[in-house]
1. Does I286 satisfy the criteria of being within 16 Å of the ligand (Cβ to nearest atom) and not assigned by TED's automatic domain parsing to the domain that holds D60?
2. Any idea which of (1) more than 13 Å from the ligand (Cβ to nearest atom); (2) over 30 Å from G224 (Cα atoms) is the one T66 doesn't satisfy?
3. In this structure, does L82 turn out to be away from the ligand (no atom under 14 Å from the Cβ) and either at pLDDT 95 or above or surrounded by fewer than 17 Cβ atoms within 10 Å (Cβ to Cβ) (or both)?
4. Checking E76 against (1) touching a strand residue (DSSP E or B) at 6+ places or on another chain (Cβ under 6 Å); (2) touching a residue at least 24 places away in the same chain (Cβ under 8 Å); (3) away from the ligand (no atom under 12 Å from the Cβ): exactly one of these is not met. Which one?
5. Taking strands (runs of 3 or more DSSP E) that fall entirely within the range 54-146, which contain at least 2 residues that are within 12 Å of V176 (Cβ to Cβ)?
6. Consider the range 4-34. How many of its residues are within 15 Å of the ligand (Cβ to nearest atom) and over 26 Å from the mean Cα position of the chain (by Cα)?
7. May I ask you to verify whether L217 is assigned by TED's automatic domain parsing to the domain that holds Q186, within 18 Å of the chain's Cα centre (by Cα) and within 12 Å of the ligand (Cβ to nearest atom)?
8. Any residue that is modelled with pLDDT of 95 or more and within 21 Å of V207 (Cβ to Cβ) - is there at least one of those in the range 154-176?
Amino acid sequence: MQELHDAPLAPLTTLRLGGPARRLVEATTDDEVVETVRAADRGGVPLLIVGGGSNLVIGDQGFDGTVLRIATTGFELDGTDLTLAAGEVWTDAVAHTVEAGLAGIECLAGIPGSAGATPIQNVGAYGQEVSSTITEVTAYDRRAEETVVLTNAECAFSYRHSRFKADPDRYVVLRVGFRLEDANGQSAPVRYAEVARSLGVGQGERVELALAREKVLELRAGKGMVLDPADHDTWSAGSFFTNPVLEPGQYEAFLARVHDRLGPESAPPAYPAADGRTKTSAAWLIDRAGFTKGYGTGPARISTKHTLALTNRGAAKTEDLLTLAREVRDGVREAFGVELVNEPVMVGVAL
Ligand SMILES: Cc1cc2nc3c(=O)[nH]c(=O)nc-3n(C[C@H](O)[C@H](O)[C@H](O)COP(=O)(O)OP(=O)(O)OC[C@H]3O[C@@H](n4cnc5c(N)ncnc54)[C@H](O)[C@@H]3O)c2cc1C
C-alpha cells in the first residue's frame with residue numbers, strides 16, 4: 001500500500017484541479033481498501049474516495065484528511081456474467097467485453113474513470129446506462145462496518161443518481177457485477193438517434209458490436225469527451241450540469257419564457273420523464289442563454305467542442321472554474337427560470 005503526505009490531488013483528476021491531501025493512500029486489494037476506510041472512520045479522520053478523478057471538483061485548499069485512491073484489479077467473465085473490481089479502468093473493461101462478443105455496455109465506451117464509480121451516478125451515455133446491466137454491487141458499508149451485496153433494485157438507480165450518491169459517506173464500492181448479452185456479435189438495440197443516424201440504421205436496430213463501440217468513440221472524440229492530455233477541451237469533468245427534469249407546471253412556465261425570449265417558433269428539446277415530468281437539455285439552455293462553445297476569456301472556459309463541458313485551459317484554479325460555473329448557472333436561471341445542478345461531486349467547495 002503506497003502512502004504519501006501533503007500530496008497534490010490535481011494530477012489525480014481529469015480537470016487537473018485541487019490542492020493537496022493531508023494523506024494519500026493507494027490501495028490495490030479489497031482488504032487494503034477496507035482497512036484504510038475502517039481506520040479513518042474509527043479515528044474520526046475525514047475520508048475521500050477517488051477512482052479515476054473524472055467526476056470530481058476538489059477545492060484549491062485540498063483535502064484535510066485521508067484520500068484513498070482505489071487501484072484494485074480484476075476482470076472476471078463467467079458466460080455473460082461480468083465482475084469488475086472497483087479499480088478497473090472502465091473504458092478498457094468495455095473494450096474487453098466487446099472483444100468477448102458481449103453486448104450491453106458498448107455505448108459506454110470512452111467514459112473515463114473506474115468501474116467502481118459507475119454505479120455512483122448511474123453512468124450513462126448514448127442510450128445506455130449501467131443500471132440496465134448491473135446485477136449487484138459489493139460494497140463496504142461504513143455504518144455497519146461490514147461488506148454487503150446490494151441487488152440492482154437496492155441500488156435505487158435513477159437518472160445520474162443512486163443510493164450511493166444519495167448517501168455519499170456510507171458505501172465504498174469494491175466490485176460490480178453485470179449481466180451482458182450474447183447477441184451473436186451484434187450490439188444491443190441502438191437507442192440513441194445520433195448513433196443510429198450515423199450508423200445508417202433505424203433506432204432500435206442492432207449493428208455489429210465493435211462498430212457500435214467505434215462509432216460512439218468517434219462521436220465522443222468529436223465533442224472532446226474522450227481523454228486526450230494534449231487537448232484542453234478534455235481537461236474537464238465531462239458534462240458539468242445534469243439535464244433538468246421539470247414538473248408539468250415548471251415546464252409550462254419554462255416554455256413561456258422560451259417563447260418570450262426566442263420567439264413562438266422556438267422548441268426546446270423535451271423528453272418524457274417519470275411521473276409526467278419533462279427532461280430538457282442543459283446544453284441547449286446554456287447555448288441559448290448566450291454561453292456558446294469556447295465561452296470565456298480566463299483560464300477556465302467552456303469547451304470549444306461541447307457546451308456542457310467546463311474546462312481548464314492549463315493554468316486554472318478551482319475557483320476560476322467555479323466562477324465560470326456560477327456565471328453559467330445564474331445566466332440560465334435569469335434567461336429561462338431553470339436552475340442547473342452540477343453533475344460532478346464537489347469536495348470542499350460549493351457552487
Ligand atoms: C471527458 C469526460 C467525459 C465523461 N463522460 C461521461 C458520460 O458520458 N456519462 C457519464 O455518466 N459520466 C461521464 N463523465 C463523468 C465520469 O467519467 C463518470 O462519472 C465516472 O464514472 C467517474 O469515475 P471516476 O472513477 O473517475 O470517479 P471519481 O471522479 O474518482 O469519483 C467520483 C465520485 O465517486 C466516488 N467514488 C469513486 N469510486 C468509488 C468507489 N469505489 N466507491 C465509492 N465511491 C466511489 C468518489 O468519492 C466521488 O464522490 C465524463 C467525464 C469526463 C472527464
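The values are calculated or read from the model by the stated rules, or taken from the named source; none is laboratory data. It should be emphasised that the depicted structure is a prediction, and the values quoted were computed from it without experimental measurement. Cβ: placed from backbone, ideal geometry, glycine included. Neighbour counts: every protein chain shown.
1. Considered against the rule, which asks whether it is within 16 Å of the ligand (Cβ to nearest atom) and not assigned by TED's automatic domain parsing to the domain that holds D60, I286 comes out as no.
2. (1)
3. When the stated conditions are applied, L82 passes them.
4. Of (1) touching a strand residue (DSSP E or B) at 6+ places or on another chain (Cβ under 6 Å); (2) touching a residue at least 24 places away in the same chain (Cβ under 8 Å); (3) away from the ligand (no atom under 12 Å from the Cβ), only one is false for E76: (2).
5. 75-78, 81-85, 134-141
6. Of the residues in the range 4-34, 1 are within 15 Å of the ligand (Cβ to nearest atom) and over 26 Å from the mean Cα position of the chain (by Cα).
7. yes
8. no
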